[in-house]
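Down below is the structure, laid out as structure tokens.
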Amino acid sequence: MTLSVSDLSITRGGVPVLQGVRFALAPGQALVLRGPNGIGKTTLLRTIAGLQPPSAGQIDGAEDRIAYAGHSDGIKPTLTVRENLTFWASVFGAGGIGDALRAFDLDDLAERHAGNLSAGQKRRLGLSRLLVTGRPVWVLDEPTVSLDVAAVAMFADAVRGHLRQGGSALIATHIDLGLDAETLDLAMFRATPRPVDDFDGDFL
Amino acid sequence: MIALLLRDLKLAFRAGGGFGLGLAFFLIVTVLVPFSVGPQSSLLATIAPGVLWLGALLACLLSLDRLLALDWEDGSLDLLATAPLPLEAVVTIKALAHWITTGLPLVLAAPVLGVLLNLPLPGFSWLVISLLTGTPALSVIGTFGAALTVGLKRGGLLLSLLVLPLNVPTLIFGAEVARRGAVGMETSTPLLLLAGITAATVALLPFASAAVLRVNLR
């Protein structure tokens, strides 16, 4: 099933940031979002993940199919790597965590408390969560932050494997992942600034 | 859902999880009351049900600001909101975990502390019954307050101000059950009202909590 976005307008803090966003993401496809800081990449991804409503437009094929990974990894420092991952696997009702641990080279760290991991290791743990969700559409916000070159390659391999199995990925990133992916520059959808409707205006 | 409950319980019992905070506070308050009001056992027996209930209510408040804020800070809440669990279930489980780690220990500790306050003998069973009936409401109302203040830094003060008035009916009827029980009066009216409050909050507030959480996650 294709994830399709049409005429999407989104606001951040009441100010319109993007308008008329349209793209389609077919199974097996990856789409890389680019654009300068503040253009609204994160807001767009959160909207597609269902964390905030769009101000206009349509998102089709996203319901219960998205695995979202934002700036924070949702890792509990007092749980071990294995416990963190097992928790997400059981929330999503997916299978074992062995493949996910292997894909991001976390086997040796499995019994360590997540609070003792380095920033890059935490990110790898956060990304390995995607593999245990069993969801077809990965929505990733700056997934390679604090990853070293080897870990970026691991991540690119994981994305390729996911695409081969008929999944798709929507990735906001500034670096080249070496993926065979289309690129969408969000700068062309930049919203024209307009005065914000302040409903408290009369009262204040 | 079970996984979320088990994770929350595990987090609470691990180092820094905050388990025992409410219990310790409850212990401190009830131990100090006889020192502050004086050792007359008849006076202590009169105020014991009220003091125990007030202590339990304040102890329940203590851990509320961590209830959702920790999950919000580390991004877990975003991920849970996109997970197959409905947010209503998430907040219900969170309230249940809060009750197990805070409310239930208070219920179990209350009879022991009742001895310190010279609680009359018939009052013990009613104290436990009233706390067992009333504390789930405190957790559910507290979760609602935590959902309202989830994005705020240092939202603890606002949280207390929002939650305390909502807890007043539970306090009134809960303490009344314990008081009437202690002096051997009929307790069924306040107990039914207390149970009604708990049933209504458990049934309705998770929907309100989930709704405000959706707004706060934007």
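The values are calculated or read from the model by the stated rules, or taken from the named source; none is laboratory data. The shown structure was predicted, so the numbers you read here are calculated from the model rather than taken from an experiment. Positions of Cβ are generated from backbone atoms using ideal geometry, with glycine treated the same way; all protein chains shown enter the neighbour counts. Remember, those area values only see protein heavy atoms, side chains included, never the ligands or the DNA or RNA. Shrake-Rupley method; radii C 1.70, N 1.55, O 1.52, S 1.80 Å.
Observations on the model:
- Of all the residues in region B:1-31, those that are in a helix (DSSP H, G or I), open to solvent by 60 Å² or more (accessible area, probe 1.4 Å) and within 14 Å of another protein chain (Cβ to nearest Cβ) number 4.
- One residue alone among A:168, A:146 is at positive phi and among the polar types (S, T, N, Q), and that residue is A:146.
- Some residue of region A:128-135 being of a type in the set (D, E, K, R) and more than 14 Å from every other protein chain (Cβ to nearest Cβ): no
- Residue satisfying all of: in region A:34-71; assigned to a loop (DSSP other than H, G, I, E, B) and more than 14 Å from chain B (Cβ to nearest Cβ); farthest from residue A:13 (Cα to Cα) among these: A:61
- Unmet requirement for residue A:157, which otherwise passes all of (1) assigned to a helix (DSSP H, G or I); (2) surrounded by 20 or more Cβ atoms within 10 Å (Cβ to Cβ); (3) not aliphatic (A, V, I, L, M): (2)
- In region B:114-127, the condition of being open to solvent by 20 Å² or more (accessible area, probe 1.4 Å), under 17 Å from the mean Cα position of the chain (by Cα) and in contact (Cβ under 8 Å) with a residue 24 or more places away in the chain is met by no residue.
- Total residues in region B:55-77 satisfying the condition of being within 14 Å of chain A (Cβ to nearest Cβ), under 17 Å from the mean Cα position of the chain (by Cα) and open to solvent by 30 Å² or more (accessible area, probe 1.4 Å): the figure is 1.
- Yes/no for residue B:134 being open to solvent by less than 10 Å² (accessible area, probe 1.4 Å) and of a type outside the set (A, V, I, L, M): yes
- Only one of the listed residues (B:157, B:148) is more than 14 Å from chain A (Cβ to nearest Cβ) and in contact (Cβ under 8 Å) with a residue 40 or more places away in the chain. That residue is B:148.
- Here residue A:94 does not fit the description of being at the interface with another protein chain (Cβ under 8 Å from one of its Cβ atoms) and outside any helix (DSSP H, G or I).
- Among (1) closer than 23 Å to residue B:69 by Cβ; (2) open to solvent by less than 10 Å² (accessible area, probe 1.4 Å); (3) aliphatic (A, V, I, L, M); (4) at the interface with chain B (Cβ under 7 Å from one of its Cβ atoms), the one test that residue A:114 misses: (4)
- Pick from region B:78-113, criterion within 14 Å of chain A (Cβ to nearest Cβ) and open to solvent by 40 Å² or more (accessible area, probe 1.4 Å), ranking: nearest to residue B:53 (Cα to Cα): B:86
- Exclusive hit being within 14 Å of another protein chain (Cβ to nearest Cβ), open to solvent by less than 40 Å² (accessible area, probe 1.4 Å) and not in a loop (DSSP other than H, G, I, E, B), set A:17, A:21: A:17
- On the stretch given as region B:182-195, residues that are open to solvent by less than 40 Å² (accessible area, probe 1.4 Å) and more than 15 Å from residue B:131 (Cβ to Cβ) total 0.
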